[in-house]
Amino acid sequence: MSIRPIAMRDAFLGRICDAMALDPAIYFTTADFGSPVLDRIRGQFPDRFANVGIAEQNLINVSAGLAIEGYKVFAYAIAPFITMRCFEQIRVNLALLSKVRSINVNLIGVGAGYSYVVSGPTHQCYEDLTVMRALPNVAVYSPSDHVAAAALFDPCLANASCGNLHDCWDHASGVLALTTVTSLPARFTSASPSGTRYSSSGIWPFIA
């Protein structure tokens with residue numbers, strides 16, 4: 001049986017869109033960024049969709065606030081902007097806050113590594129894994145294809161005691177996921193010396 005490859009980003013966003021039809025507690029935020037699947041989310045669920053503009057720091061603040069009110073939030077922006085431009089907000093309002101409050105915030109970024117090769121270093125992202133692993137209560141996931149990316153949706157939605165971060169590394173077929181989680185099935189994670197849980201390669205959790 002052959003599987004038609006699709007963008008890992010779209011595979012993950014598609015799972016979110018399908019789930020929003022069943023779960024009114026899912027909310028989607030974005031920092032002036034889009035995709036065809038995102039257009040579908042905005043059209044079908046305008047009351048649970050917010051575009052904060054080119055303001056990634058505010059994206060984190062708004063998403064954290066929604067999560068405190070009980071929403072399961074998925075936020076979306078370009079990878080270097082959603083990891084490094086708003087690092088202080090992630091540290092304080094997600095990583096540290098999740099130690100004392102039950103929150104679920106998923107940050108989805110596009111263009112890790114050299115994906116935006118023509119846009120130069122402002123849009124390229126090489127340090128995101130290292131930067132996010134420095135935070136407490138952060139787990140790093142790196143799915144290998146769109147099947148693995150879609151599979152990440154379930155544990156991220158189920159986790160209600162943290163903030164989560166996902167990062168797409170290829171316009172056509174990439175999602176790199178970094179997620180602050182406190183509990184996932186053992187096959188999805190490995191433990192770092194600090195107690196942070198993460199997948200080092202992104203292949204073995206999903207591919208036999």
**Request:** Name the long-range amide H neighbours of residue 141: under 5 Å, sequence gap of 5 or more, or other chain; modelled H, no Pro or chain starts.
**Result:** 177, 178, 179, 199
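Using a 10 Å cut-off on Cβ atoms, rank the peptides 4-10, 19-25 from the highest mean neighbour count down. Before the final figure, lay out each step's value.
On the way: 4-10: 19.0, 19-25: 13.1.
Final packing ranking: 4-10, 19-25.
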**Message:** Please compute the modelled spin-label separation between residue 118 and residue 100, points set 7 Å along Cα→Cβ, answer in nm with one decimal.
**Reply:** 4.8 nm
**Phi-based couplings in Hz for region 89-100 (Karplus 6.51, -1.76, 1.60; Gly and Pro marked x)** = 5, 5, 4, 7, 8, 10, 4, 7, 4, 5, 6, 10
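Decide, for region 1-144, between rounded, prolate and oblate: order the square roots of the alpha carbon gyration tensor eigenvalues as a ≥ b ≥ c, take rounded if a/c falls under 1.5, and otherwise choose prolate if a/b is larger than b/c, else oblate. List each step's numbers first, then the result.
Numbers: a/c = 1.44, a/b = 1.01, b/c = 1.42.
Because its axes are fairly even, with a/c under 1.5, region 1-144 counts as rounded.
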**Request:** Mind listing the long-range amide H neighbours of residue 76? Cut-off is under 5 Å, sequence gap 5 or more, other chains count too, H placed in the peptide plane at 1.01 Å from N.
**Result:** 29, 30, 31, 108
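We did not get these values from a lab; they are worked out from the coordinates using the rules stated. Small disclaimer: the values here were computed from a predicted structure and weren't measured. Positions of Cβ are generated from backbone atoms using ideal geometry, with glycine treated the same way; all protein chains shown enter the neighbour counts.
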